[in-house]
1. Assuming R0 = 35 Å, what is the FRET efficiency of GLU31 and LEU76, from their Cβ-Cβ distance, to the nearest 0.05?
2. Given the whole protein assembly as supplied and a 1.4 Å probe, what does the accessible area of ASP59 come to in Å², nearest 10?
3. If you stretched the chain out fully between LYS52 and ALA95, how much longer would it get, using 0.36 nm times the residue separation minus the C-alpha to C-alpha distance?
4. Sketch the reach of a paramagnetic label on ASN22 as a point 7 Å from Cα along Cα-to-Cβ, and name the residues of segment 54-70 whose backbone nitrogen lies under 18 Å away.
5. Quote the FRET efficiency, to the nearest 0.05, computed for LYS3 versus GLU88 with a Förster distance R0 of 30 Å and r equal to the Cβ-Cβ distance.
6. Taking the Cα centre of segment 44-102 as the origin, how large is its charge dipole in debye, to the nearest 20, when only Lys and Arg (+1) and Asp and Glu (-1) carry charge on their Cβ atoms?
Amino acid sequence: MAKAIWEGRECDVRVDSDLESNWSVSILSGEFDPVSLIQRPAAPVIIKVRAKTRWLALDQGLRSLKAQGKIADYSLEPRPAKEIAAEEAEKARRAASRVIGAKAAAEEEEAE
């Protein structure tokens, strides 16, 4: 669970997926929205980011908010091992397809 320091208070952080790789990172103050008919948390700071995964969106959003001076600090759990392994597998797959494509192009040139 991620936490952020906003105006001297430790606040929860929520990440919601908008569309595909668009994410919304919200810092929740613990206060409730005074305008809403239902009791829901008021989000004092929200940033939109593009990222492949939830964790990457959370990391990017919190870094950006800290760089902008909107939050004082944050804490974040380490990136899940499954996510790292999936990214490495995808990189290996792309590299293999590039090698196969290069070999096919070279063979095609030799045949001409």
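1. Details: r = 23 Å, r/R0 = 0.65.
Given R0 = 35 Å and the Cβ-Cβ separation, E is 0.95.
2. Counting only protein heavy atoms, ASP59 exposes about 20 Å² to solvent.
3. Full-extension gain reported as 13.6 nm.
4. Correct set: 54, 57-58, 61.
5. That gives a FRET efficiency of 0.60.
6. 280 debye
The values are calculated or read from the model by the stated rules, or taken from the named source; none is laboratory data. Just so it is clear, the structure is predicted and the values come from calculations on it, not from any experiment. Every residue, glycine among them, receives a Cβ derived from its backbone with ideal geometry; neighbour counts consider all protein chains shown. All accessible areas refer to the heavy atoms of the entire protein, side chains included, with ligands and DNA or RNA removed. Shrake-Rupley method; radii C 1.70, N 1.55, O 1.52, S 1.80 Å.
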